[in-house]
Structure formats: structure tokens, C-alpha cells
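The values are calculated or read from the model by the stated rules, or taken from the named source; none is laboratory data. Here the structure is a predicted model, which means the values were calculated and not measured. Using ideal geometry, Cβ is built from the backbone for each residue, glycine included, and neighbour counts are taken over all protein chains shown.
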Amino acid sequence: MRVLVIGGTLFIGKLLVKRLLSAGHEVTILHRKPEHPFGRKVKNAVGDRNDAKSIREALAGMRFDAVYDIAYDWERGTTAQQVEATAKAVPGDLTRYIFMSSIAAYGDGLNHAEDDPLASDLNSNDYVRNKAGSERALFRMFHESRFPVVTMRPPFVYGPENPFYREAFFWDRLKLDRPIIIPGDGNRLMQFVYVHDLVEACFNALEKHTAPGRAFNVADEKPLTQVEVVNEFAKVVGKTPTTVRVPREMIARAGGNVFQEPLYFGQYYDLPPITEAVGRVKRVLNVALTPFAVGLRETHKWYLKHAPERKLDFALEDKLIRQARELVRPAGQA
């Protein structure tokens, strides 16, 4: 097949391109840079995924059988209108348009099935609104013209080459035997998916005739509390973590940030819980899900060899840990 990957140079996209090449597909990457890491075996198209005119110009003279739309513009956002315009701008007789959505498309709530309602267009979170609206637009195209869309709804994706400071956040601290902050009571649920499982679901959707018109939750079957997550990270390195529970109000007052430095619990890792039920992806796309402990061990091997050196600043964490310990110190104890 002639396959277009929108994105394709980082993490999920990089693995997906390698998977497609190994199966003999002809791959073109569309992104904003004049080069990519795959050499001559992958064609390069330079364009802005948020600009349909730019996409049409970049793909002029080409035709495709399938598209993977996995790029989201984190600086500007990528709206439903822009995703729909992209889908209509790609030349060819498409048999698949596989869109990378997110568990965030549900907005909130636990144990969502794929047919549950998605978040409203009035949702206050741009990312939630954009992912939910994009899916609605693409599925409307499916119902109107049988546009062959498939959507994927992963939760937190982990694995080798993760560009977000998540797994490495905890291993950096465990390596130094530092206490790890637990936000609040540590009972917020988190759900994960190993990046190789997500790529396999995307790949298998390419030719599965029952995939178009459907969404797929792709995740580990068992959500974990934040405390359980920290314990799993620690098990990989053979340590028992020292944890300190810190009220979220205290974290907010001190300037702790969920999305960027100064972080206190891994990038994006302290959000209101959303979880999903998993079954369709195993049944329809034949994906065997990797146990979290197994995926973490493989990720840690990569971390030991390739994790970038970071200039770590523990000032915020030290302050929060000190304040939290003072809260629970018995009266009269110095």
C-alpha cells in the first residue's frame, strides 16, 4: 500500500513507520521539517498539518491508499475543522484513515466503552474538545460517504523513546534514592498502554475489513492508582520507594505544574481519572496486550542506555516534602 503518515518522526509515529516498512508498504511522511530519520526509503512531504492548502501543495502529484493521522499541534492545538480539512485534502482512493485520538475524548468518567458519548464541544479543555470534535467530524464523514475512518483512543502511552518526562521522571529520582511526592491520597486511577501495542493496533487496522467506522480503546486492562504506579516503577529497579503524600492545594500554592516544569509527579500524570474498558481491540484487531510490568522492564532497558541527561532541579520538591512532613510531625517534636 501507499501509506501517508502525518507526523511519524517521534515515539508512536517512528515505531509505526518502521512497522509499515517491515511489511513492505510504501511510506511517505508529512511534517514540517525538510528531513526525517528514515533515509531514502521513506518519502518526505513538507507541510503544516493544520493547513489544508499546505497539505494539498505538499502532496501534489501523489496518491495514497491509506493515511495515519497521528500529529497533534501542542502549541496551537489541532481543531476538528482542521482534521476534517486534512482528511479531505489527501489525494487518492483511501481504504483507511486511521486517526490517533485519545482517552481524553471521553472528557471524564471511568470504564468507558467505545460507544459511550464523547465530550461536548463546550468542554473547557482545548485538547478534550479537539479530540472529541475531530472524531465526531470523521465519523460523520463515514456515515455520509463511507469515509473509511478508524480511531484509536489510548490513555497514557509509555515505552522507549517517550518524549514526555514520565517514566524517566521516576527513575531519575529512584536512582538518587529521593523521596517521591504522591499528590493527595494517591488514589487517582491511571491507565496505560505500551507503545508497541498501540502501534500493533494501528497496523492491524490497516487491512481488517471490520475496522472502518469504529473506535478502539487501546490500553492495559487494569487501571492503577498513583501509589501503585510508583510502586511498579520502583519494582523495575529493585527498590522500595520512599513516598510523601502532599495535599494538592499545597502543590498548587507552591507553583507545581502538571504539564511543564516545575513538575512534581511526571508530565501530565496528575489529572482527573479517565479509564476505559478494553475488549474490542483484542477481539477485532487481535492485539495481545503487554502486561505493564513487562513493558516497564523493556522501557527501563532503553532508559539505562539512551535516556538524555537532564539538569534536575529539586527545589520545589524539597520544599513540598518539607512542608508535608511538618504537617504530620507530632506536636512538640522539633
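Kindly indicate whether any position in the range 197-216 is surrounded by fewer than 22 Cβ atoms within 10 Å (Cβ to Cβ), modelled with pLDDT of 95 or more, among the charged types (D, E, K, R) and within 24 Å of Thr78 (Cα to Cα). Yes, the range 197-216 contains at least one residue that is surrounded by fewer than 22 Cβ atoms within 10 Å (Cβ to Cβ), modelled with pLDDT of 95 or more, among the charged types (D, E, K, R) and within 24 Å of Thr78 (Cα to Cα).
Any idea how many residues of the range 11-41 are of a type in the set (A, V, I, L, M, F, W, C), crowded, with 17+ Cβ neighbours inside 10 Å and either in contact (Cβ under 8 Å) with a residue 60 or more places away in the chain or out of contact with any Leu (no Cβ under 7 Å at 6 or more places or on another chain) (or both)? Write out each step before concluding.
Within the range 11-41, the first condition is being of a type in the set (A, V, I, L, M, F, W, C), and the residues that meet it are 11-12, 15-17, 20-21, 23, 27, 29-30, 38.
Restricting the remaining residues to those that are crowded, with 17+ Cβ neighbours inside 10 Å gives 11-12, 15-17, 20, 27, 29-30, 38.
Adding the requirement that they be either in contact (Cβ under 8 Å) with a residue 60 or more places away in the chain or out of contact with any Leu (no Cβ under 7 Å at 6 or more places or on another chain) (or both) leaves 11-12, 15-17, 20, 29, 38.
Number of matching residues: 8.
For the range 92-115, residues that are closer than 26 Å to Trp74 by Cα and in a loop (DSSP other than H, G, I, E, B) total 5.
Taking the range 257-298 as the search range and keeping residues that are of a type in the set (Gly, Ala, Ser) and over 17 Å from Arg173 (Cα atoms), which one is nearest to the chain's Cα centre (by Cα)? Filtering first and then ranking leaves Gly295.
The one condition from (1) assigned by TED's automatic domain parsing to the domain that holds Ala87; (2) surrounded by fewer than 18 Cβ atoms within 10 Å (Cβ to Cβ); (3) in a helix (DSSP H, G or I) that Gly133 does not meet is (2). A residue that is in a loop (DSSP other than H, G, I, E, B) and closer than 22 Å to Leu4 by Cβ occurs somewhere in the range 81-91.
Let's see how each residue does on (1) aromatic (Phe, Trp, Tyr); (2) within 30 Å of Val199 (Cα to Cα):
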| residue | (1), (2) |
| --- | --- |
| Pro291 | no, yes |
| His306 | no, yes |
| Phe314 | yes, no |
| Glu317 | no, no |
| Ile321 | no, no |
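Given the structure, is Ile98 closer than 27 Å to Phe192 by Cβ and touching a Cys at 6+ places or on another chain (Cβ under 6 Å)? When the stated conditions are applied, Ile98 passes them.
Look at Val227 and say whether it is more than 18 Å from the chain's Cα centre (by Cα) and not assigned by TED's automatic domain parsing to the domain that holds Leu110. So Val227 passes the test.
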